[in-house]
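Let me begin by presenting the structure, written as structure tokens, before commenting on it.
What follows is calculated from the coordinates using simple rules that are stated; it is not laboratory data. Bear in mind that the values here come from a model prediction, so they are computed numbers and not experimental data. Note that each Cβ is placed from the backbone with ideal geometry, even for glycine, and that neighbours are counted across all protein chains shown.
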Ligand SMILES: Nc1ncnc2c1ncn2[C@@H]1O[C@H](COP(=O)(O)OP(=O)(O)OP(=O)(O)O)[C@@H](O)[C@H]1O
Ligand SMILES: [Mg+2]
């Protein structure tokens, strides 16, 4: 029935197309050499041409990212709950966490290489280290901002602290947790690519570094596109998961448009 | 011996800055006998909700003593069902699941809820039906109107059949007709089960219709300034609210509140 053109649904495609068109147009009009900034058509051609190495390296990056991300989810959730549970642990770990988060993760890669050699492990660990913090902070925030009225409901029934955690703390924190996953997954990609481009013989990071060394600039960009696609897909998955799990928390007009 | 007693209770909420804050209630003394229905009325902000929290161990007085069922209250009491001033339903649970919450916490239901799930669900559905919410069990709290949420919260206070029922303006957001209907529900439950009720309300007719005794509180810091026994015979029919005896009592109480406000 509804044959009206749905602007909101079309917008992502239109804006992406417009972006590519402007890019393509500027490169041609301004006569920018392809080894400086290749036009999207050339990037696409390269992407198809080199699909095999792009594919295998993407898979490698995806797996290091996912392993790091999974670790971050597990530890982040656990630590967030522990921190939210006890004020003492919160106070005790806070400076450590802030300090740790302030360290640029690039600086840690050499240490990881020293301990674990190059390749898969440092990439996964860098992804873990970089994506772990937002999960902890969000889970702890979720617990810290529980309405005392809701707590009172359970306390008035004689509930233990563990009961309150199970019946209110955890469900109430889930929207924060799933929200943080969207941030964490993108950061995890940053981490693994950083590590790959410093210390790995595989992965998109490494592919781009090598392409750059050989002045195959279109291939560098093709690598970027591959990363972007992986990032979008994973982000989208997390967003779907978030909506599935915490629909009750997403009722405002802001959440829907 | 009284079932719930507050004796010379002072309570203050601390300031945000950690200062001493101001007194919310001062020299609050009251006694409620087992099975009694007591209504508390008083100006807004005089400490009625505070009284409810003190009596259930959600807040502790910095002076004075609170006793429930003979024991000094040092932790949230386990025998109370409480309906707060706002509905405080858990938004991630459906209405029915919200009702089951107390059964998941309070013994002995807690141990039995897995085994007797269908029985408990039936009990919750009956309770919902009795407040006119039959068939709304699957709805989430945000899909209910304010009055429906309050009725749900009332059911939640009742589901585990507590010995002490604490109701903080449970009918505040309801229209006059639903309200009178629920008066009947509470009246009948109280008559049938004989639990003790403390009801906070702004509606003097409600207080007089339901209670055995009405306590009037002063403006902040609140304490009891007047006590009125209601000797209208039970069971009371809604018709009693249109008698002159009834309106005389309401009128008299109104006078005390007006004084308390000053
Ligand atoms: N959590 C709190 N922190 C600080 N002050 C509070 C808190 N709760 C209540 N107060 C203060 O204590 C006083 C008594 O509050 P209370 O909620 O008991 O009043 P009330 O009689 O229930 O009012 P109403 O009829 O409007 O519900 C008020 O002046 C209020 O400002
Ligand atoms: Mg109140």
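Using every pair of distinct Cα positions in the range B:107-262, the Kirkwood expression returns a hydrodynamic radius of 17.3 angstrom. Here the Debye sum runs over all C-alpha atoms of the range B:1-117 as equal scatterers in vacuum, and log10 of I(q)/I(0) at q = 0.11, 0.17, 0.18 Å⁻¹ comes out as -0.48, -0.98, -1.04. In chain A, the longest principal axis of the Cα atoms and the axis of helix A:40-49 are about 90 degrees apart. For residue A:149 and residue A:88, the difference between the fully extended length at 0.36 nm per residue and the C-alpha to C-alpha distance is 19.6 nm.
Among beta bridges identified by DSSP and lying wholly in chain B, the antiparallel ones come to about 50 percent.
Please label the shape of the range A:1-64 as rounded, prolate or oblate, based on the square roots a ≥ b ≥ c of the eigenvalues of the alpha-carbon gyration tensor (a/c under 1.5 means rounded; beyond that, a/b larger than b/c means prolate, else oblate). Taking the square roots of the gyration eigenvalues as a ≥ b ≥ c, the range A:1-64 is oblate.
Take peptide B:88-97, look around each residue's Cβ out to 10 angstrom, count Cβ atoms belonging to other protein chains, and average those counts.
Values: counts 7, 2, 8, 6, 10, 3, 1, 0, 0, 0.
Per residue, the average neighbour count from other chains is 4.
Listed by Cβ neighbour count within 10 Å, with the fewest neighbours leading, A:240, A:139 appear as A:240, A:139.
Within the listed set B:116, B:179, B:236, the residue fluctuating most in the Gaussian network model of chain B (springs between alpha-carbon atoms under 10 angstrom) is B:116. Could you pull out which residues in the range B:160-195 have an amide N less than 18 Å from a spot 7 Å beyond the Cα of residue B:139, following the Cα-Cβ vector? In the range B:160-195, the label zone of residue B:139 (backbone N under 18 Å from the point 7 Å along Cα→Cβ) covers B:171-179, B:181-182.
Radius of gyration over Kirkwood radius for the protein assembly as shown, both on Cα atoms: the Rg/Rh ratio is 1.14.
Rg over Rh for the range A:81-124 works out to 1.17, using Cα positions for both radii and the Kirkwood form for Rh. For the protein assembly as shown, what is the percent of antiparallel DSSP beta bridges, rounded to the nearest 5? Roughly 50 percent of the beta bridges in the protein assembly as shown run antiparallel, per DSSP. One quarter of the surface of the convex hull around the alpha-carbon atoms of chain A equals 19.1 nm², the direction-averaged projected area. Residues A:66, A:208, ranked from the fewest to the most other C-beta atoms within 10 Å, line up as A:66, A:208. Here the range A:111-257 was treated as a single set of alpha-carbon atoms; its pair distances binned every 10 Å from 0 give 11, 28, 26, 18, 11, 4, 1 percent.
Could you list B:198, A:198 so that the one with the fewest beta carbons within 10 Å of its beta carbon is first and the one with the most is last? Least crowded to most crowded, the residues run A:198, B:198.
Quick check: from the Cα gyration tensor, does chain B come out rounded (a/c under 1.5), prolate or oblate? Mind showing how you got there, number by number?
On the way: a/c = 1.65, a/b = 1.23, b/c = 1.35.
Cα axes put chain B in the oblate bin.
What's log10 of I(q)/I(0) for the range A:21-116 at q = 0.14, 0.23 Å⁻¹, Debye sum over Cα points only, no solvent? Result of the Debye calculation: -0.83, -1.18.
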